[in-house]
Amino acid sequence: MITLKHAAENLAPVLSVAAIMLYASTALAQSATQTCGTAQVIPLAGTEPTAKLVIDAPLAAPLASRGVVVIPYCAENMRFVPVFGPGALDVSPRVGHIHVTVDEAAWHWADASGTPLILRGLPPGPHKVLIELVDANHQVVDKGTVTFVVPKNATADVPSVQGVDRGAAHP
Ligand SMILES: [Cu+2]
């Protein structure tokens, strides 16, 4: 007969291994999908590192199947927060947002969500999306361009992602 003490002694190593595996899988998932690291939550002493924009190519599957453009992005050393104006430039850790321009339009929109861009209804053919990482006072600190082709028949054609130009800051 197994006593409660004996069972606990046998169970402890198993639980420890399970806990380590859970931690490892979580860490692995974060490193594979999150390239910008953990968000800073403590005011930084001294000079903050330069903020950088990281852009991925549009997700292939929704572009091919439905012509929907999903562009993941994130920022290093800047948090996306809907706080604006010159007074917010002194916030630490640094905060900002993005400006998005499609096909060299004369206008852009601002987004402080930090969630992937989703563009639906673009006509078939080549397109270009400029993403500018800006500070809280709307000054550009980094930028990149994504070029891609929306297939004529989204259900049949294979998408053509032409590339991601991460701007002068990222040769
Ligand atoms: Cu702005």
Would it be correct to say that V69 is modelled with pLDDT of 95 or more and away from the ligand (no atom under 16 Å from the Cβ)? yes
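Being of a type in the set (D, E, K, R) and crowded, with 16+ Cβ neighbours inside 10 Å is the filter here; which residues of the range 73-103 pass it? Step through it out loud before you land on a result.
Just the residues of the range 73-103 that are of a type in the set (D, E, K, R), to begin with: 76, 79, 90, 94, 103.
Hits for the range 73-103 are R79, R94.
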Name every residue in the range 138-155 that is away from the ligand (no atom under 16 Å from the Cβ) and either under 13 Å from V68 (Cα atoms) or not in a strand (DSSP E or B) (or both), in order of residue number. F148, V149, V150, P151, K152, N153, A154, T155
Restricting the range 79-137 to residues that are within 14 Å of T147 (Cα to Cα), in contact (Cβ under 8 Å) with a residue 40 or more places away in the chain and not in a strand (DSSP E or B), which is farthest from the chain's Cα centre (by Cα)? P124
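The values are calculated or read from the model by the stated rules, or taken from the named source; none is laboratory data. Since we're looking at a predicted model, the values are computed, not measured. Please note: Cβ atoms are built from the backbone with ideal geometry, for glycine as well, and neighbour counts cover all protein chains shown.
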